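Worksheet for the structure shown next.
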Amino acid sequence: DTDSPKEPPKELAKPTGKKLPIPLEIVAIGASTGAPGALAHVIPNLPRILPVPVIVVIHLPAAFSRSLAKQLSSRAQLPVIVATDGAEVKAGKVYLAPGDRHIRVLRDRHSFALRFQITEEKLNTGYRPSIDVFLQSMSTVGVRCLSVMMTGMGCDGTKGVDALKSIEGNYCIVQSSDTCVVSSMPDSLIEAGLADEVIPLNGIAPRIVRLIGM
């Protein structure tokens, strides 16, 4: 029966309670369809003091980046700002990738600090910003990362998480399909065997806090 609903991928076991190896440098969140509503359940529930930066990459037109950052910041305990080219990536802040721009993280040759690179280049990625481009940049410079894949259509982020998995200590959690507006993006990671845990939306913020060792 071609009209039968597709059986969802088998979800992983319940969270293990483990912490990630320290030092962890970045929490990276990727999302698409349904992202603003989902982020409203996560970002405001992160604690006021966070020992790592949070970088959010979602498929968003340029005109909406600052308004979304302002909306989230008004409810959050952490400052939420739009990432800018060349700025140092600092702990205790939530950075939103600017809409219609690719974002990468590079390591400063002199200070070894992490900095943003924002470009308007056209890549054959289907999306700008591309979650894959962002995550692959961190794998190139050896960033230890907790990646969080949330609601969205397509499979952007799967190649990026796969690249990060080559670095010891990287870990990936995904939003459970029953709490997603569209579950294609997290489902893609599950099907590829790259998701370490599947978490319902209201459990993502506390799980991030636990995994980074707070």
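The values are calculated or read from the model by the stated rules, or taken from the named source; none is laboratory data. Values in this document were obtained by computation on a predicted structure and should not be read as measured data. Glycine also receives a Cβ, built like all others from the backbone with ideal geometry; neighbour counts cover every protein chain displayed. When the accessible area is computed, the model is the full protein with side chains, heavy atoms only, and any ligands, DNA or RNA have been set aside. Shrake-Rupley method; radii C 1.70, N 1.55, O 1.52, S 1.80 Å.
Within segment 113-123, restricting attention to residues that are within 22 Å of Lys93 (Cβ to Cβ) and of a type outside the set (A, V, I, L, M), which residue is most open to solvent (accessible area, probe 1.4 Å)? Even if it seems obvious, please write down each step before you answer.
Initial filter on segment 113-123 (within 22 Å of Lys93 (Cβ to Cβ)): 113-119.
Filter once more, keeping what is of a type outside the set (A, V, I, L, M): 115-117, 119.
Details: Arg115: 77, Phe116: 6, Gln117: 59, Thr119: 29 Å².
Ranking the candidates gives Arg115 first.
If you go through segment 71-93 and keep only what is over 14 Å from His41 (Cβ atoms), in a helix (DSSP H, G or I) and over 18 Å from the mean Cα position of the chain (by Cα), you end up with just Ser74.
Taking the condition among the hydrophobic types (A, V, I, L, M, F, W, C) and more than 13 Å from the chain's Cα centre (by Cα), does Val133 pass? The answer is no for Val133. The number of residues in segment 142-159 that are aliphatic (A, V, I, L, M) and under 19 Å from Thr33 (Cβ atoms) comes to 4.
Hey, any hits in segment 30-44 for a residue that's more than 14 Å from Ile103 (Cβ to Cβ), in contact (Cβ under 8 Å) with a residue 12 or more places away in the chain, open to solvent by 50 Å² or more (accessible area, probe 1.4 Å) and hydroxyl-bearing (Ser, Thr, Tyr)? Taking every residue of segment 30-44 in turn, at least one turns out to be more than 14 Å from Ile103 (Cβ to Cβ), in contact (Cβ under 8 Å) with a residue 12 or more places away in the chain, open to solvent by 50 Å² or more (accessible area, probe 1.4 Å) and hydroxyl-bearing (Ser, Thr, Tyr). Being in contact (Cβ under 8 Å) with a residue 40 or more places away in the chain, buried (at least 20 other Cβ atoms within 10 Å of the Cβ) and either within 19 Å of Val94 (Cβ to Cβ) or in contact with a Ser or Thr (Cβ under 7 Å, 6 or more places away or on another chain) (or both) is a description that applies to Leu211. Within the option set Leu68, Leu50, Leu46, being touching a Gly at 6+ places or on another chain (Cβ under 6 Å) and either within 16 Å of Ile212 (Cα to Cα) or at pLDDT below 95 (or both) holds for one residue only, Leu50. Total residues in segment 138-176 satisfying the condition of being of a type in the set (Ser, Thr, Tyr), closer than 22 Å to Arg101 by Cα and open to solvent by 10 Å² or more (accessible area, probe 1.4 Å): the figure is 3.
A Cβ distance below 8 Å, combined with a sequence gap of six or more or placement on separate chains, defines the contacts here; from segment 124-137, residues that are open to solvent by less than 20 Å² (accessible area, probe 1.4 Å) reach residues that are among the acidic types (Asp, Glu) in the pairs Pro129/Asp100; Ser130/Asp156; Ile131/Asp156.
Put simply, of Ala76, Ala91 the only residue that is surrounded by 16 or more Cβ atoms within 10 Å (Cβ to Cβ) and under 23 Å from Val209 (Cα atoms) is Ala76.
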